[in-house]
């Protein structure tokens with residue numbers, strides 16, 4: 001009797017281990033660059049390119065009659081427009097940089113007053129943008145969704161169903177560790193830049209432009225200033241900074257060091273990914289006492 005009980009308990013333990021082992025040992029699917037921004041019905045073929053009264057239809061329509069049907073960001077990015085016009089009604093435009101390529105997504109015909117993000121905001125994939133409506137030139141509740149590669153509108157369907165998923169391209173070391181997109185806290189079209197961290201007004205830059213970040217330093221106001229070029233600094237409040245990610249390469253033994261050209265601390269497993277905080281003299285830092293040789297990492301923006 002006791003023997004049978006022990007056997008049953010052992011079999012139960014093995015079953016539990018196999019179940020949880022299966023969950024943890026499986027290979028995770030690769031993150032999809034773009035996701036479907038709303039739940040609903042999309043016509044076969046997506047109705048991209050159909051002729052409309054205003055010309056070619058540069059997007060797809062996703063219809064859903066449910067009240068408060070959410071619209072979500074198809075990919076992480078920056079809000080370049082959040083407004084209202086007679087054609088799109090309430091709409092939002094996001095800019096994206098994926099694998100070194102610029103993209104733009106457009107979300108139109110939102111419910112009046114439902115927009116949740118505004119110019120200059122940074123959003124993550126899946127973040128709520130607003131709710132599906134019928135504002136502007138619309139005959140029923142739906143989302144008009146566009147995706148542009150650079151400045152060219154393309155059919156979004158292959159992107160949101162995973163048929164087209166941009167592969168990562170790696171950043172070649174050039175002394176930068178992040179990118180900065182200028183923004184205004186006052187609603188102006190330009191921001192000030194400085195020749196030194198916190199002083200020496202040098203001129204202005206347009207809002208919405210993206211620049212590489214070489215370093216950062218504290219000013220006398222105890223705020224960070226980001227160097228985007230020789231003697232050119234942007235105040236932290238006037239830039240949205242996106243730090244690069246570094247993934248340890250496979251096929252070689254990779255070490256982390258205590259400083260540039262310093263002492264090797266430990267070997268790091270291939271595939272380990274870190275957020276970079278600095279780049280200097282052919283090295284990347286993940287914090288003040290852990291540095292990688294640039295040649296040991298695959299770096300993505």
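Here are some notes:
- The set of residues from segment 259-290 being in a strand (DSSP E or B) and under 14 Å from residue 175 (Cβ atoms) comprises 278, 279, 280, 283, 284, 285.
- All positions within segment 50-78 that are within 30 Å of residue 171 (Cβ to Cβ) and buried (at least 21 other Cβ atoms within 10 Å of the Cβ): 73, 74, 75, 77, 78
- Answer residue from segment 128-137, given it is surrounded by fewer than 17 Cβ atoms within 10 Å (Cβ to Cβ) and part of a loop (DSSP other than H, G, I, E, B) and is farthest from the chain's Cα centre (by Cα) among those: 137
- Leading residue by the ranking (nearest to residue 289 (Cα to Cα)) among those in segment 213-258 that are in a loop (DSSP other than H, G, I, E, B) and in contact with a strand residue (DSSP E or B) (Cβ under 7 Å, 6 or more places away or on another chain): 258
- A single entry from 150, 162, 188 fulfils the requirement of being surrounded by fewer than 14 Cβ atoms within 10 Å (Cβ to Cβ) and either touching a helix residue (DSSP H, G or I) at 6+ places or on another chain (Cβ under 7 Å) or without any contact (Cβ under 8 Å) to a residue 24 or more places away in the chain (or both): 188.
Taken together, the values in this text are just the output of simple stated rules run on the coordinates, not laboratory data. Please read all numbers here as calculations on a predicted model, not as lab measurements. Note that we place each Cβ from the backbone using ideal geometry, even for glycine, and neighbour counts take in every protein chain shown.
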